1. Expressed in nm to one decimal, what extension gain is obtained for the pair Leu210 and Ile289 from 0.36 nm per residue of sequence separation less their Cα-Cα distance?
2. Test of understanding: in a Gaussian network model of the chain with alpha carbons linked when under 10 Å, which of Ala79, Ala12, Ala197 would top the mean-square fluctuation ranking?
3. Rank Ile15, Thr59, Ser98 by how far each Cα sits towards the positive end of the charge dipole of segment 1-122 (+1 on Lys, Arg Cβ; -1 on Asp, Glu Cβ) and give me just the farthest.
4. About the Cα centre of the chain, what is the dipole size in debye to 20, counting +1 per Lys and Arg Cβ and -1 per Asp and Glu Cβ, all else neutral?
5. Can you grab the distance from the C-alpha centre of segment 76-92 to the C-alpha centre of segment 100-152, Å, no decimals?
6. So how do 141-152, 209-220 stack up, highest first, on mean other-Cβ count within 10 Å?
7. Which one of Gly140, Ala31, Phe75 has its Cα pushed farthest toward the positive end of the charge dipole of segment 3-292, where Lys and Arg give +1 and Asp and Glu give -1 at the Cβ?
8. Specify the residue with the greatest mean-square fluctuation among Phe201, Phe64, Phe263, computed from a Gaussian network of the chain linking alpha-carbon atoms under 10 Å apart.
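Bear in mind that the values in this text are calculations on the coordinates, not laboratory data. Computed from a predicted structure; not experimentally measured. Every residue, glycine among them, receives a Cβ derived from its backbone with ideal geometry; neighbour counts consider all protein chains shown.
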Amino acid sequence: MSDSRRRLLPYAALITLALIWGGSFLAIKVAVRDMSPEVLLLLRSLTGFLALALIILLTGRPLFGHGWRGRVGSFAFMAVTNSVVPWIAIAWGETEISSGLASILNATTTLWTAVLIFWVVPSERPSALNYLGVLIGFGGVVVLVYPELSAHGISGSFLGAVAVLVASLSYAINALYQRRKMRSVSVHEVSLGQLAAAVVFAVPIAAPSLPQVHIQLESLAAVIALGALGTGVAYLLYYYVMNTLGAVRAAGVTFLVPVTAVFWGAALLKESITVPILIGMTVILAGIILTSVRRAPRQEPAAQPDSAAA
């Protein structure tokens, strides 16, 4: 392979990753046609755990390393904040709103994380630009939800949008917790541990709905895609991009995911791309950019970038 093609590979991986994570919102939209959000939580957690476990074994790593010792409570907390709450909330939200809109609202995870860091981490002193970014970003949320609220009041669509925002806040809580408590644990152990705990939580949550499930082939394919691609393949791609392009460029996937999700929804589900959606997406992404601007770096360990997946 020529040097020029080799240099392009990481960028191709970045785009592929954005397409996969953006497609997660499409897969959720398809899956909830035939199953409840609770059943989707169980199947997604289980397929994700199996896919990631297989990848870890194939790469020669131990499934259960030292990172599991004494951290069952941490994995349980992360399962709730990174899987149980957000996956149910997003799935329910997508029964009321489009997959593209859900992806845009999910991007506010970065804004919520910034707000929590400003309050909880004294060493992180926000600049005026950071505050401006948060205000602009949530202004974009208003652009997205105000037309529905003003036209129909507290409707299903409005509540669906609120559900996705709750999911984004939950993701942000998890990101901050992982940053503060799990720095010494390898990424694959953190991911596998919280997925294992998510399966444990999901079984009793989904059990009452299981007898009513009649899964069609399309929905089954969507669930497998969420687990195998959205968790397994995306895991490999993300850390390949991290190792080749660095954390800053890898974090750029945050900005690409809403764009690809809107594309998938319009192309495959015939979802409308309205002017408020385009304006809201642009404003939110602008806010994320401003919120991400940091002062001169300190001599402290770098945080693991947040996932942009649904």
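1. Extra length from Leu210 to Ile289 when fully extended: 24.2 nm.
2. Looking only at Ala79, Ala12, Ala197, the biggest GNM fluctuation is shown by Ala12.
3. Looking along the dipole axis, the top candidate is Thr59.
4. Values: 19 positive and 12 negative charges, 218 e Å.
Charge dipole, the chain, about its Cα centre: 1040 debye, nearest 20.
5. The distance from the Cα centre of segment 76-92 to that of segment 100-152 comes to 20 Å.
6. Working: 141-152: 15.8, 209-220: 12.4.
Highest mean packing first, the order is 141-152, 209-220.
7. Towards the positive end, the residue furthest out is Phe75.
8. Phe64
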